[in-house]
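The values are calculated or read from the model by the stated rules, or taken from the named source; none is laboratory data. A quick note: this is a predicted structure, and the numbers were derived from the prediction, not measured. No Cβ is skipped: glycine too gets one built from the backbone with ideal geometry, and neighbour counts run over all protein chains shown. Accessible surface is based on the protein model in full, side chains and every heavy atom, while ligands, DNA and RNA are left aside. Shrake-Rupley method; radii C 1.70, N 1.55, O 1.52, S 1.80 Å.
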Amino acid sequence: MQASSQTQSETPAGGRGVRFSDRVLILGRSGDGKSSLINHIAAGASCQVLIYDTKDELVVPGATPVEDPARIDWNARIIHFVDDSCELKTTGRLFDLCWKRKAAREEIGPGGKLPRGYGLVVVVHEAGDLCLDQPNQTPRSVINYLKKGRQRGLGLIAGSQRPVNIPPSARTEIQHVATFAGGLDKRDIAEIAGLYELTPQELNATLSDLHGRYGRHAFLWRDLTTRTTTAWPPLPEHLRARSIATIIEQEHPDG
Ligand SMILES: Nc1ncnc2c1ncn2[C@@H]1O[C@H](COP(=O)(O)OP(=O)(O)OP(=O)(O)O)[C@@H](O)[C@H]1O
Ligand SMILES: [Mg+2]
């Protein structure tokens, strides 16, 4: 199967590409550009956005960082939740609140200002943090959110360097997957090739061809609903500038 190059929309998040209640998985090695792409896609969501910042690596204009799930202001359009300890108890509480968020927002009372729309998108830059890289340790509320949240208007945009170490439903319940041309760890490739309906060899060859043409920041996008795969060149600077958050520059091992 041949990946087609994009011609129409400027970004996979544009047009009818990504719906707010979709699950989107962005894969690649450290420094490939996962967070940049995630921040760009999240900026396109017009519903409430909760950024789960497990590395304390983001500056989110207009949002005050909050570390206790109980202190989240469910009135805010953008919520910046920082949790660099990544205790599963906190992760569990956070997703439980996201699940019950409708009730949390109704408590605001008749005078309260509710965010536009009813939807919520949770943004997680490293999905392995949802289970401390131990898929069988995934909190029940995270599983619920991933498996049943879509019907409630609860979306997810998640990144991962090692997709076999993330909650299994963060791989199986998705509508979109993107893999950067930098490639994947060879222990992950078989699992992910299946999502593209490719053999591991075909996926490796497609990614390395993309890398040869555009470098590591290019990516291969798969819409699992329409079963179409599109090769994208690196997100251009002007689109990366349209971001929901700024990444505090960090060292990248091979960047
Ligand atoms: N399309 C692009 N063109 C040029 N540079 C890019 C592009 N995307 C990302 N970068 C740059 O690459 C670096 C790494 O990007 P980013 O932090 O998004 O990677 P990451 O995959 O999230 O890494 P990590 O797994 O370590 O979090 C940053 O300096 C970013 O500005
Ligand atoms: Mg990142």
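The set of residues in the stretch 15-56 being open to solvent by less than 10 Å² (accessible area, probe 1.4 Å), more than 16 Å from ligand 2 (Cβ to nearest atom) and of a type in the set (S, T, N, Q) consists of 48 alone. Could you go through the stretch 198-217 and let me know if any residue there is touching a helix residue (DSSP H, G or I) at 6+ places or on another chain (Cβ under 6 Å), of a type in the set (A, V, I, L, M, F, W, C) and either open to solvent by 40 Å² or more (accessible area, probe 1.4 Å) or within 16 Å of ligand 1 (Cβ to nearest atom) (or both). No, the stretch 198-217 contains no residue that is touching a helix residue (DSSP H, G or I) at 6+ places or on another chain (Cβ under 6 Å), of a type in the set (A, V, I, L, M, F, W, C) and either open to solvent by 40 Å² or more (accessible area, probe 1.4 Å) or within 16 Å of ligand 1 (Cβ to nearest atom) (or both).
Would you pick out the residues in the stretch 218-250 that are touching a helix residue (DSSP H, G or I) at 6+ places or on another chain (Cβ under 9 Å) and not hydrophobic (A, V, I, L, M, F, W, C)? Once the filter is applied, which keeps residues that are touching a helix residue (DSSP H, G or I) at 6+ places or on another chain (Cβ under 9 Å) and not hydrophobic (A, V, I, L, M, F, W, C), the stretch 218-250 yields 222, 229, 233, 234, 240, 242, 243, 246.
Condition check ((1) of a type in the set (Ser, Thr, Tyr); (2) at pLDDT below 95; (3) under 24 Å from residue 44 (Cα atoms)) across all residues:
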| residue | (1), (2), (3) |
| --- | --- |
| 164 | no, no, no |
| 168 | no, no, no |
| 185 | no, no, no |
| 194 | no, no, no |
| 198 | no, no, no |
| 204 | no, no, no |
| 220 | no, no, yes |
| 229 | yes, no, yes |
| 232 | no, no, yes |
